[in-house]
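Here is the structure we will look at, set down as structure tokens.
Nothing in this text is a laboratory measurement; each read-out follows from the coordinates by a stated rule. Fair warning: this is a prediction, and the values are worked out from it, not measured in the lab. Note that we place each Cβ from the backbone using ideal geometry, even for glycine, and neighbour counts take in every protein chain shown.
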Amino acid sequence: MKSQFFAINSAVLVGFLVCGSVLAEPALSHVTAKVEVENSTDYKNIAGSNARAKEQARQLSVTLDNRDKNPATDGSVKWAIFAHKMESGKLVTVKEGTVKSKIDGLGTATVKSDRVVIKGTPKHSVVTRKTVNGKAQSSSKNEPAVGEEYYGYAVAVYAGTAMIQEISSQPSLTVLSGRQKSH
């Protein structure tokens, strides 16, 4: 009985030693990413209102760092920039894209997204004043919100077809799942 137990345990141990390398996870890439957002916001006064229209420009700058001696030649960066519709608050993808990358061994490379401009005007009232028969009259008209307002970004870094890192400005955003992570 002891010899059978010993034989079975030995066979299991040998099986793990032989097959362990096959079952092990693949080596992780030595490439990491850091995202910076280049941004600007311009405001324009709306005649007859205290509200201002907003024009936001965003561009992602992704710095890739290869800590391996070998170059990383099959990389790509998928990116997406998101906004909320000012009328409904609905999340929309303003623009998305993919940029190929090559990084020398022990080197860095920076890739950029397209520059995206997002325009929007909040819900507001416009007051008009006019003189009729020498008397000042004013009227007010409510204007609906139009356009979009920047919400955030998501970036996924790939080595070949394997995603090695995902970074987003908001926890709910992702490039992979089609826009938002489900909770």
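Around the Cα centre of the stretch 28-180, unit charges on the Cβ atoms of Lys, Arg, Asp and Glu (plus for the first two, minus for the last two) sum to a dipole of about 820 debye.
Between amide H atoms placed 1.01 Å from N, distances below 5 Å from Ser172 occur with no residue 5 or more places distant or on a separate chain. Within the straight-line cut-off of under 18 Å between alpha carbons, the lysines reachable from Lys34 are Lys78, Lys100, Lys102, Lys112, sequence neighbours fewer than 8 places apart in one chain being disregarded.
Inter-part distance, the stretch 25-71 to the stretch 108-141, computed on C-alpha centroids, equals 26 Å.
Express in nm, to one decimal, how much length is gained between Thr41 and Asp68 on full extension, taking 0.36 nm for each residue of separation and deducting their alpha carbon distance.
Working: separation 27, 0.36 × 27 = 9.72 nm, distance 3.89 nm.
Here the answer is 5.8 nm.
Please tell me the relative contact order of the stretch 28-180 in percent, rounded to the nearest whole number, where contacts are Cα pairs under 8 Å and at least six residues apart. Walk me through the numbers before you get to the answer.
On the way: 378 pairs, mean separation 38.1, N = 153.
It rounds to 25 percent for the stretch 28-180.
Estimated from the Cβ-Cβ distance and a Förster radius of 41 angstrom, the FRET efficiency linking Val146 and Val99 is about 0.85.
A simple spin-label model places pseudo-atoms 7 Å from Cα toward Cβ; at Ser88 and Ser172 they are separated by 1.5 nm. Taking other C-beta atoms within 10 angstrom as a stand-in for reagent exposure, Tyr153, Tyr43, Tyr158 fall in the order Tyr43, Tyr158, Tyr153, fewest first.
Going by a ≥ b ≥ c, the root eigenvalues of the Cα gyration tensor, does the stretch 28-180 fall in the rounded group (a/c under 1.5), the prolate group (a/b larger than b/c) or the oblate group?
Numbers: a/c = 5.37, a/b = 3.26, b/c = 1.65.
The shape class here is prolate.
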